[in-house]
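The values are calculated or read from the model by the stated rules, or taken from the named source; none is laboratory data. Owing to the predicted nature of the structure, the values given are computational and were not obtained by experimental measurement. Here Cβ is always computed from backbone atoms with ideal geometry, including for glycine, and neighbour counts include all displayed protein chains. Surface areas here come from the heavy atoms of the whole protein model, side chains and all, with no ligands, DNA or RNA. Shrake-Rupley method; radii C 1.70, N 1.55, O 1.52, S 1.80 Å.
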Amino acid sequence: QVQLVESGGGLVQPGGSLRLSCAASGSMFRLNAMGWYRQVPGKQRELVATVTSGGNLNYADSVKGRFTISRDNAKNTVYLQMSSLKADDTAVYYCYVDSNLRRYWGQGTQVTVSS
């Protein structure tokens, strides 16, 4: 089993920044892709950003140029640096990792962008 612990969410004003972290622990043969989704009540979970084990990055169009995903393989951790935040970025953010031929999810962390 793999456990993911997220941190870094909170309340921020429009235009502000936040950094989310997601640390993986447990029985992991190898960590493949890692990334972040977000979800607003009443809507489907949407992909925000991914980073593969080879370092390839992918972003949703809505966050390109504002968010940066990175990973620290030594710490089994994925990060999401969010800048120029907008009210539309308000959501619960979930991290995931692909390992052991399945996908594991974090518990979610709330990000609220409001003045």
### Task
Starting from residues that are closer than 13 Å to Ala24 by Cβ and open to solvent by less than 40 Å² (accessible area, probe 1.4 Å), keep the ones in the range 84-115 and report whichever is nearest to the chain's Cα centre (by Cα).
Cys95
### Summary
Of (1) open to solvent by 50 Å² or more (accessible area, probe 1.4 Å); (2) touching a Leu at 6+ places or on another chain (Cβ under 9 Å); (3) among the aliphatic types (A, V, I, L, M), Val5 satisfies every one except (2)
### Message
So if I check each of Gln44, Gln39, Gln13, which one is under 14 Å from the mean Cα position of the chain (by Cα) and either among the aromatic types (Phe, Trp, Tyr) or within 22 Å of Ala91 (Cα to Cα) (or both)?
### Response
Gln39
### Task
Scan the range 28-54 for residues that are open to solvent by 50 Å² or more (accessible area, probe 1.4 Å), farther than 17 Å from Asn100 by Cα, in contact with a strand residue (DSSP E or B) (Cβ under 7 Å, 6 or more places away or on another chain) and not hydrophobic (A, V, I, L, M, F, W, C) and jot them down.
Gln39, Arg45, Glu46
### Message
I need every pair where a residue in the range 28-46 that is among the aromatic types (Phe, Trp, Tyr) has its Cβ under 8 Å from the Cβ of a residue that is part of a loop (DSSP other than H, G, I, E, B) and surrounded by 10 or more Cβ atoms within 10 Å (Cβ to Cβ), sequence separation at least 6 or different chains.
### Response
Phe29/Asn100; Tyr37/Arg45
